[in-house]
Amino acid sequence: MNVVDHVMRTFAMMANLTDEEARSARSRLERHLAACEGTERQLAIEGLRFLRQPRPVRHRRNNLQRDDVRSGAD
């Protein structure tokens, strides 16, 4: 498995992506990592750091609204 596949597989566990969003993220990731140097581990960490930058991404574990968390509602 190459670094891009590894990063995309890991990132898919953190965020819900449509097929189009996944293709776009993979393309951006490939361009970004092409300009980076390091071991496979360093590149994987940099790839995840890059993809986790603030973007409008729907997260899997964000089921509660902010007000629900404050009020303790279930």
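Listing for the model above:
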| quantity | calculated |
| --- | --- |
| Order by protection proxy (mean Cβ within 10 Å, highest first), peptides 33-40, 20-27 | 20-27, 33-40 |
| Chain lengthening between Arg49 and Ala12 when straightened (0.36 nm per residue, less Cα-Cα) | 12.0 nm |
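No value in this document is a laboratory result; all are computed from the given coordinates. No experiment lies behind these values; they were computed from the predicted model shown. Methodologically, a virtual Cβ is constructed for each residue, glycine included, from the backbone with ideal geometry; neighbour enumeration extends over all protein chains shown.
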